[in-house]
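The values are calculated or read from the model by the stated rules, or taken from the named source; none is laboratory data. None of these values were measured; they are calculated from a predicted model. Because the Cβ atoms are built from the backbone with ideal geometry, glycine has one as well, and the counts that use them run over all protein chains shown. Ligands, DNA and RNA are stripped out before the accessible areas are found, and what is left, the full protein with its side chains, is counted by its heavy atoms. Shrake-Rupley method; radii C 1.70, N 1.55, O 1.52, S 1.80 Å.
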Amino acid sequence: MAASSDGGNTCRICHENLPKKYRRSIFSESFGVFSQLTQVLDIQPHSNDGLSSYVCGFCFSKLNKLSKIDYDLVNKMGMLQKEKQDLVLLLRTKYMTSIPANEDQKPRSCVTPRKKFDSNKRMIKHSPTPRKLKIRPNVGIRTPTPKKAGDSCTAKPSVSFRPIAPKPVASGNEDTVKALDREEEVKSQKHIDSGKQFIQCSPQRIQIRTLTTHQTDSSTPPIAKSNNYRPIAPRPGGGDVIRTVSHEEFVKPKRRINVNLFSPSKLKVLYQTKGKTNSRIVKDADTVKLVKALSKGMSKQNIAKMVINSKLKDEISKCVFKEINKELETLISPKSRCVLRGVSSDKIAVFRFKTLLFEVQLHAPILYKCLSMTLKDSPVGMAMTAAIILKKRNMHMSSFHHIVSQILDHGGTSDETISILHKLGLCASSQSTSKKRSELVERQNFHVKSLILDEKESIEKSQTDQGILAIDLKSADIVGDNFDILKSPSMMTKERQRKSWHWFLLIGLDKRILDRNLSQDQPTTSINDVNNGIFIPNLDECHLLEENFVFHIMKILVKHVGCLKKYEPYLPRHITHPYLEQMSKKSDFAVLDLLDKNENKSEDMISILEHIHKEYIPMTMDESRKVIKKKVFGGDVLTNERAYSAQLAMLNGSSDSDRLTGVIHRPEGLHRMMNLCLLVYQKFYKEQSAGDVGTLSQLRNVTRRLDVHGSDDVIKSYRSHFAFIEDYLDAMVTGACLHLLGLESLDSQPTSRQELFEAIPDSDKLKYIKDIARDILDKYINISQDLQDIEQQVQELDLETLHLKNMFDPSTGIYTCSACTKQYKIEGFLKRHLVQKHGWQGVTNLQRSEQTDRVAIYHSSLMKCALLLRDTNDAYKMGDGDRIMMNAKFQMLLSGVGHHTKYQLWLFRFLTFGLCLLSPREKFEYKWNCTTNICGGIGRNIPNDNLVEIMVHRLKEKVKLQGANVTFDSAKKSALSLQIQDEIKQNLMRELQMKPKSRHRPKVAKTCDIELMIAELRKADVFSHHSDRNYAHFSNFQDLFRRVKVNDLHKWISDQKQRLSYELI
C-alpha cells in the first residue's frame, strides 16, 4: 500500500490521523511492544521506510494487551503444568496408600452391567449424576467416632440389629461361587428398592447393604457391644446387595424440608452442637439477607458489602480498630526495633522512608492498607503520617521529628517557630533540637578522624611517612580564617557596651592529587644557591601564557561575533592538564574546630599553631618531638603573615613542636585574585577620567555600573568589579576583531579574510579562528616585548652575581678581586673597583623604545592585566596547579610595580615553597591541591580560602539567629554540627527525589553593554595607532611590565632569599 501524503502523522495500524499529543513513537526507547507490532504487520518497521513512525493510543493499548498475553504464555503455562503434576502426584499417592492387601476381600459395589461396546457407534461421554438414597426409619446407622488419630471409625447404632448369616457354600467349589457372583450382579438392582438397608462402616468407606424382604431385624445381633465391630459382606446367593457411599453422605444425611413451616419473613437455620442437631428461627431482616447470601454462594465482596451496610457495621469497626491498636502496640514495642527509635546522629543522617514503610507493612498490615487507601499509595505521605501517629503513641518514636527539627534549625528557623510546629506534632521541641545538635558533634568528630587523624595515628605508629604507603588513608591540608562577630546591646549603658568577638575557624581539606612514588628527601642545596631567574618568567613561560591568552580571545570571539559563532564547536572546551578528571570530583572537607583565639594577637596566633601541632601534625613520641610530616596551612595573606610571625617568635624552641615547624604556609587564590583586581583599578581607574572617552571610568558611566566604585570598594564588592573588567575585556577584544575584519556590527559578514566554512576541514577551521586571535594579540595587546627584555636582563644579573660570589671567601668574609687580588669587605666597593680599574660593565636597566600613542598603550596594558586575571581565575576553576604557579611569577612583577609589598613578598614565598624549598612530593602536592570542588564537575573548583569564606558566612548567619543568647560554646556547637545538618538535609532531599538547588548564577545577557562599549571605543578610535596621543588624566602612561626595574627586583629577590635562609628551618 502506498503511503499517504501525511503518513508521518497517521497511525501505523489503523491509519487514523493523530494529533501531536496522541502519538506514540514506534522507534523511541520507551516503546516496549515493538515485537508485537512486528507480529501484526508481518514485517519489521524501519525509520526510513517512508511510513508513519507513530501508533495511536487505542492500538498501543491493544499491543500492550498482546504483550501481556505473550508474557502469560511464556510464564504461566509452566506454572499450570507444575500445578497439574503436583495434583496428580498427590492423588496417586493417596490411591497407592489405600489399596487393601487382599484384592479378593474388596467389597463389591452394586453396578449396572455394561453393554457390549459397539465400535461403529460414536461414544458419548456422560457426567455421572449422584444417586439419592432413601433411608428407612428402622435402618441402623453406625457413625464412626475414632478414639485416636488413625483408629477405625465406629459408632453405636440407633437401632439394634445383628449381622446376616451367609448361606453355606461347599468348600472348594469355586465355580459355584463365581456363578453366584454373576447372578448377584444381575439381580442386584431389583433388590435395592424392595429391601432394607444394612450399613457397613470403615475408615475408608461406608457400605450400605440392602437386605431382602424375607430377612428381618430380629436375625441381626446387636453391635453396640463392640466398638470395633465390622459387618462381613454375605456370600453370593443371599440376595444382599452392597453399595459404597461416601463418609460425608452418610454422616450428614440430607433431610427433606417442609416448606409449609416457613413464611417469607422468617428463616430457619439448622446447626449441630455436641452431636445434636438444633434449629433456630432468624427474624432479623439483615441477618436473613446475610444467611441467604451465604447459602446462595455469593462472592465475598458482595457479602462484605451487605455486612458493612448492616447493623453490624459499628461492631465490625470496633473490631478493626482493636486490631489496629494491637498492631500499633506491637510496632512501638522495643522488641520491634523500629527505625523511628534510632535517634542517634549516624541513624538520622541515613533515614529511609522505605525502611519505615516496610516495618509498618510487616507489623501493622491493616494500618498500612488504611494509609495506602487514604493517601493513594503516596510513599512519602504514608511514611510521614505513620511517623506522626507513632510519635503520638510513644514519645521515643521520634527519629523523623528530629530530622525535621534539625532541617528547620539548619535553615535558620527561630525557636518560636520550632516550638509551634512541635505543638502541632510535626517536629521535636526547640530544647530537644539544641540537645540533638550537641550529639551531632560526635558524627562530625568521626568525619574528622577519618579525614586527618587516622593518617596522623598511622604515621606516628610507624614513625615514618613511608609507613602509610600500603594503607589507603586520606591526607588533608588545613585552612583557617578569622571569625569576627560584633554584638550590640539594644539598650546601651556604661556596663552594657558593644562586644567584639574574634574567633578562628579551622577546616580540613582532603588532598585529591597525591603521588606517593615521589621522593620525600628534602633539598640539600641552600636557597642562596638558587638563581634569581627561577622566580622570573622565562621565555617558554611567556609563550605558554600567550597561548592561554589566545584561547581566551577565541572564546570571546565565538561568543559575540556573529560570523564566528559557527566555529565554537571546533574550539577546545578547556585548557587541559594531566589531572582534569581528579579535579572534577567532589572534595571532602570537614570543620575541624572553632577556637576562641584572635589571629591579630601574637599570643593567640601562637596558641592556634600549637593546637594544630598537637592535634593534627604527626610527630615522634620521644622527648625530641620531631615532626615526621609537615602539613600545609593556608589562608589569606593576613593569616599567613600572622602565622609566619608566630613561627619567628618561637625559633628559639628546643624541639620542632616548640618551634612550630610542622606547617607550610600557602597564600590561597581568592585574596590573590582580589589583589590583582585591586591593582587594575588602582592603575587604570580614576573618577576624574570620566571625560576621557574609552577609559574605565567613562565606560562605567555609559553602562551605568553603579556597583563599581573604584579601588576603594574592590575588596568589599569584588564580584561586581571583577565582572566589569571581564565585560571591558570582551568589548575590547570584540571591537579589535571588528576593526581587523572590517565589520560594521556584530552581525555583519567579513569583507576580508573570509573562508568557505563548509569546504575547509575541521583542523583548518580551528586554525582560522586561532590565526585571528593571534593577530589580535600581536596588533592590539603585545605592542611591546617587555617580558622578554626582563628575562634577558635578569639572566645577565645572575651571571654578575655568580661572578661576585666566586670572589667572596665565606671563612674570612672578604671579597678578593680576581684581576688584582685586592681585597674588599663590602660588595659595592668591589663593584666600583671593577668598573673603575678593570673596565667592568655592570648590568643597568635597558633603555627600551616605546610607542608614543599613550591611548593604545593604556588599553593594551589593561588588556594584558585583564587577560592575566581571567587566566588565573580559570586556572583555579580547572584546578591547574602548573598555571597557578606560573601566573604567580607574572603577578609578583605587577605587585612590585603597584607597591603591594605584602602580596609581592607572599607570592615570592609561594614560589619558593613550590619550586625549591620542599621535597619533590611536597612540592607536587603543594601546587596541585590549591582548590576545592564542593559540587563536582569540570571547571567548578574554587580556591581553598573561598571555601573558608563560605563556611564563615554560613556560620555567621546561624550565630546571628541566636540573638543575645550567643556564646562561644553555642557558636562552636553550631560550627561542628553545620555539616551534619547539611548531610541530613541532603539525605531527606534524596528521599523526596528533590533536585538540589543550582549553585550557578543565572546568566545575564550583556550584548547591549558590549555594543555600547564598542561604540564608545570606536568613537575614541582606540583601535588605530596615532602618535602623540594621550589621556588627560593618564599622561605619559607606561605599560606596567615596562615599569619593572630589573636591578631593584634582582636585589630584592636576593635579599628575600637571604632572609629565608635563616628564618626557615
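Mind checking whether some residue in region 914-924 is open to solvent by less than 20 Å² (accessible area, probe 1.4 Å), in contact (Cβ under 8 Å) with a residue 24 or more places away in the chain and under 18 Å from GLY533 (Cα atoms)?
Yes; the residues of region 914-924 include at least one that is open to solvent by less than 20 Å² (accessible area, probe 1.4 Å), in contact (Cβ under 8 Å) with a residue 24 or more places away in the chain and under 18 Å from GLY533 (Cα atoms).
So LEU37 clears everything in (1) of a type in the set (A, V, I, L, M); (2) part of a helix (DSSP H, G or I); (3) open to solvent by less than 70 Å² (accessible area, probe 1.4 Å); (4) modelled with pLDDT under 85 except one condition, right? Which one?
It is condition (4) that LEU37 fails.
Go through MET298, MET306 for me and flag whichever is open to solvent by 40 Å² or more (accessible area, probe 1.4 Å), over 20 Å from ALA387 (Cβ atoms) and outside any helix (DSSP H, G or I).
Among MET298, MET306, only MET298 is open to solvent by 40 Å² or more (accessible area, probe 1.4 Å), over 20 Å from ALA387 (Cβ atoms) and outside any helix (DSSP H, G or I).
Residue under question is ARG1018, and the condition is that it be of a type outside the set (A, V, I, L, M, F, W, C), at pLDDT 90 or above and open to solvent by 80 Å² or more (accessible area, probe 1.4 Å); does it hold?
Yes; evaluated as a whole, the condition is true for this residue.
Any idea how many residues of region 1042-1058 are without any contact (Cβ under 8 Å) to a residue 40 or more places away in the chain and open to solvent by less than 80 Å² (accessible area, probe 1.4 Å)?
So the answer is 1.
Going by what's in this entry, would ALA888 be described as open to solvent by 40 Å² or more (accessible area, probe 1.4 Å) and of a type in the set (Gly, Ala, Ser)?
no
Tell me, yes or no, whether region 331-344 has at least one residue that is of a type in the set (Lys, Arg), open to solvent by 40 Å² or more (accessible area, probe 1.4 Å) and free of Cβ contacts under 8 Å to residues at least 12 places away in the same chain.
yes
Would you check which residues across region 399-421 are touching a residue at least 24 places away in the same chain (Cβ under 8 Å) and open to solvent by less than 10 Å² (accessible area, probe 1.4 Å) and list them?
Result: SER399, HIS401, ILE403, SER405, GLN406.
Yes/no matrix, rows are residues, columns are (1) of a type in the set (D, E, K, R); (2) without any contact (Cβ under 8 Å) to a residue 12 or more places away in the chain; (3) loosely packed, with under 10 Cβ neighbours inside 10 Å; (4) over 28 Å from LEU679 (Cβ atoms):
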{"position": "MET989", "(1), (2), (3), (4)": "no, yes, no, yes"}
{"position": "MET994", "(1), (2), (3), (4)": "no, yes, no, yes"}
{"position": "ILE1014", "(1), (2), (3), (4)": "no, no, no, no"}
{"position": "ARG1029", "(1), (2), (3), (4)": "yes, no, no, no"}
{"position": "LEU1040", "(1), (2), (3), (4)": "no, no, no, no"}
{"position": "GLU1063", "(1), (2), (3), (4)": "yes, no, no, no"}
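Would you call SER47 out of contact with any strand residue (DSSP E or B) (no Cβ under 8 Å at 6 or more places or on another chain), closer than 21 Å to TYR71 by Cβ and either surrounded by fewer than 16 Cβ atoms within 10 Å (Cβ to Cβ) or not β-branched (Val, Ile, Thr) (or both)?
Criteria not met by SER47.
Starting from region 480-508, take each residue that is over 30 Å from THR932 (Cα atoms) and list its partners that are among the aliphatic types (A, V, I, L, M) and open to solvent by 70 Å² or more (accessible area, probe 1.4 Å), counting only C-beta distances under 9 angstrom and pairs at least six apart or across chains.
Going by the 9 Å Cβ cut-off, the qualifying pairs are LYS487/ALA964; PRO489/ALA964; SER490/ALA964; ARG498/LEU486; ARG498/MET492; LYS499/LEU486; SER500/LEU486.
Any idea which of THR801, THR734, THR751 is β-branched (Val, Ile, Thr) and open to solvent by less than 50 Å² (accessible area, probe 1.4 Å)?
THR734
Looking only at region 550-574, count every residue that is crowded, with 18+ Cβ neighbours inside 10 Å and closer than 25 Å to ASP477 by Cβ and tell me the total.
Number satisfying all stated conditions: 0.
Can you tell me how many residues in region 268-294 are of a type in the set (Lys, Arg) and assigned to a strand (DSSP E or B)?
The qualifying residues number 3.
For region 835-883, what are the residues that are modelled with pLDDT under 80, in contact with a helix residue (DSSP H, G or I) (Cβ under 8 Å, 6 or more places away or on another chain) and of a type in the set (Lys, Arg)?
Answer for region 835-883, where residues must be modelled with pLDDT under 80, in contact with a helix residue (DSSP H, G or I) (Cβ under 8 Å, 6 or more places away or on another chain) and of a type in the set (Lys, Arg): just ARG848.
Under 8 Å by Cβ, and 6 or more places apart or on different chains, what pairs join a residue from region 773-787 that is charged (D, E, K, R) and open to solvent by 30 Å² or more (accessible area, probe 1.4 Å) with one that is in a helix (DSSP H, G or I) and at pLDDT 70 or above?
Within 8 Å, the pairs are ARG774/VAL550; ASP775/LEU740; LYS779/ALA736; LYS779/LEU740.
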